[in-house]
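Scroll down for the structure; my scribbles are underneath it.
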Amino acid sequence: MWHSYFNGILVAIGLIMAIGAQNAFVLAQSLRREHHLSVAALCVLCDALLVTLGVFGLATLLTQSPLLLGLARWGGAAFLLVYGSQALLRALRPQALNQAEQSGPRSRRAVLLSALAVTLLNPHVYLDTVLLIGSLGAQQAAPGAYALGAASASLVWFFTLAIGAAWLAPWLARPATWRLLDLAVAAMMFSVAGQLVLAG
């Protein structure tokens with residue numbers, strides 16, 4: 001059970017650490033202190049629901065078909081290798097994160113609707129949470145523990161980002177910081193891809 005739980009944490013944190021639309025939105029809201037804790041909570045809830053759907057929706061289908069399970073294993077490994085390579089390339093050509101321009105305060109409803117759009121209209125969210133994390137979870141001894149681990153990683157990441165962003169704003173803007181994060185992401189993705197290939 002604990003092995004599955006920590007696998008869920010490892011895969012999820014590697015995927016959500018990469019700079020993308022959702023992280024950039026949470027960071028921008030946090031730097032403005034504009035409903036940033038509500039935005040973080042919404043992102044965690046969406047991730048938990050999508051991961052659960054992915055793990056338990058695909059788990060039944062994959063366990064009934066060795067062919068689909070093999071495709072998920074090799075497809076997941078290929079995706080992780082590509083994802084890790086992209087992170088490695090970003091580390092070699094780091095870009096400072098663009099901070100959103102200061103604007104007038106928005107209502108909580110408007111901010112949360114924007115957060116929902118950034119989260120649910122992003123195809124990478126479905127690739128990461130439903131397909132990739134879900135198909136990997138189907139291969140775990142304890143899929144529920146794996147899903148809980150992935151949700152835990154999301155909880156820790158988004159609230160750490162939201163709470164710490166204002167304090168760390170000058171440090172976060174440095175390209176060297178994103179280079180180190182992307183190097184860590186690449187290492188995690190290559191590690192998990194290697195495990196999948198060896199398991200095949």
Does A141 qualify as being within 18 Å of the chain's Cα centre (by Cα), of a type in the set (G, A, S), within 19 Å of I9 (Cβ to Cβ) and surrounded by fewer than 19 Cβ atoms within 10 Å (Cβ to Cβ)? no
Pull out all pairs, ordered by first then second residue, where Cβ-Cβ is under 9 Å, the residues are six or more apart or on different chains, the first lies in region 113-127 and is over 15 Å from F158 (Cβ atoms), and the second is modelled with pLDDT of 85 or more and surrounded by 14 or more Cβ atoms within 10 Å (Cβ to Cβ). S114/V39; L120/C46; L120/L50; Y126/L50
Condition broken by N98, with the remaining ones in (1) of a type in the set (S, T, N, Q); (2) at pLDDT 80 or above; (3) not in a helix (DSSP H, G or I) satisfied: (2)
Which number in (1) modelled with pLDDT under 75; (2) assigned to a loop (DSSP other than H, G, I, E, B) marks the one condition that V125 misses? (2)
With the condition kept exactly as written, say whether any residue in region 6-15 is in contact with a Phe, Trp or Tyr (Cβ under 6 Å, 6 or more places away or on another chain) and surrounded by 24 or more Cβ atoms within 10 Å (Cβ to Cβ). yes
On the given criteria, is L68 assigned to a helix (DSSP H, G or I), modelled with pLDDT under 80 and surrounded by fewer than 15 Cβ atoms within 10 Å (Cβ to Cβ)? no
Within region 28-39, which residues are surrounded by 23 or more Cβ atoms within 10 Å (Cβ to Cβ) and more than 11 Å from V111 (Cβ to Cβ)? S30
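The values are calculated or read from the model by the stated rules, or taken from the named source; none is laboratory data. As the structure is a computational prediction, the values presented were derived from the model and not from experiment. Here the Cβ is made from the backbone with ideal geometry for all residues, glycine too, and neighbour counts use every protein chain on show.
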